[in-house]
Amino acid sequence: MKTYDLDRAIRKVPGFPKPGILFYDITSVLMNPDAFSFCVDAMVERYRSMEIDAIAAIESRGFLFATPAAVRLKLPVILVRKAGKLPGATYRKTYELEYGSDTVEIHRDDLGPGQRILIVDDLIATGGTIAATADLIRAAGSVAVEAFSVIGLPFLRYEEALSPLAVHTLITYDSE
């Protein structure tokens, strides 16, 4: 597989969403077909030989990376949505954020006992959304195999929040 300098493709926005924060903007990767293709190709290469039954894609940018990889891997995509966005019976998990809380849901019919599920999002910061997603997967009797993200911010200690779940990222930034 070809290598690609993702750092050059990722827009860094200082002071967003508030002063002192450096925002890593994944939309610039989506605007660059070579960078986006690299990300999808890397996922397909990594997970082609892994025993995975479905990909759980976290709203909303996780959808964009999970879906093309799932099509190529011939896997279903399970949507992980904010509360109230799914029409059927759901598993629901509320979790704490830095300032407040949030809730994610997965359709109950989308998961089954023993299924092996890959979790995909665009960026892992504190790991809260992925941890909540893994809890939903386990609540259904399924197995969270690994968390994948294009960008990881390990200085926010997501590995502690996600342990023992394995985490794979294409690029990491070690400080703000």
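When the residues of the stretch 85-143 are narrowed to those that are among the hydroxyl-bearing types (Ser, Thr, Tyr) and closer than 19 Å to Thr169 by Cβ, which ends up least open to solvent (accessible area, probe 1.4 Å)?
Selected residue: Thr133.
Could you check the stretch 1-42 and list, in sequence order, the residues that are of a type in the set (Val, Ile, Thr) and touching a strand residue (DSSP E or B) at 6+ places or on another chain (Cβ under 9 Å)?
Ile10, Val13, Ile21, Ile26, Thr27, Val29
Among the residues of the stretch 103-128, what is the count of those that are in contact with a helix residue (DSSP H, G or I) (Cβ under 9 Å, 6 or more places away or on another chain) and modelled with pLDDT of 95 or more?
Total meeting the criteria: 16.
List the number of the failed condition for Leu156; all other conditions in (1) on the phi < 0 side of the Ramachandran plot; (2) surrounded by fewer than 21 Cβ atoms within 10 Å (Cβ to Cβ); (3) modelled with pLDDT of 95 or more hold.
Of the numbered conditions (1) on the phi < 0 side of the Ramachandran plot; (2) surrounded by fewer than 21 Cβ atoms within 10 Å (Cβ to Cβ); (3) modelled with pLDDT of 95 or more, the odd one out for Leu156 is (3).
Scanning for something touching a Ser or Thr at 6+ places or on another chain (Cβ under 9 Å), open to solvent by 80 Å² or more (accessible area, probe 1.4 Å), free of Cβ contacts under 8 Å to residues at least 60 places away in the same chain and under 18 Å from Ile171 (Cβ atoms), does the stretch 45-63 turn up at least one residue?
Within the stretch 45-63, not a single residue is touching a Ser or Thr at 6+ places or on another chain (Cβ under 9 Å), open to solvent by 80 Å² or more (accessible area, probe 1.4 Å), free of Cβ contacts under 8 Å to residues at least 60 places away in the same chain and under 18 Å from Ile171 (Cβ atoms).
Could you grab me the full set of residues in the stretch 129-176 that are polar (S, T, N, Q) and either under 22 Å from Ile78 (Cβ atoms) or in a strand (DSSP E or B) (or both)?
Thr129, Thr133, Ser142, Ser149, Thr169, Thr172
The values are calculated or read from the model by the stated rules, or taken from the named source; none is laboratory data. Quick caveat, the model's predicted, so the values are computed rather than measured. Counting neighbours? That spans all protein chains shown, and the Cβs are built from the backbone with ideal geometry, glycine included. For accessibility, only protein heavy atoms count, side chains too; no ligands or nucleic acids. Shrake-Rupley method; radii C 1.70, N 1.55, O 1.52, S 1.80 Å.
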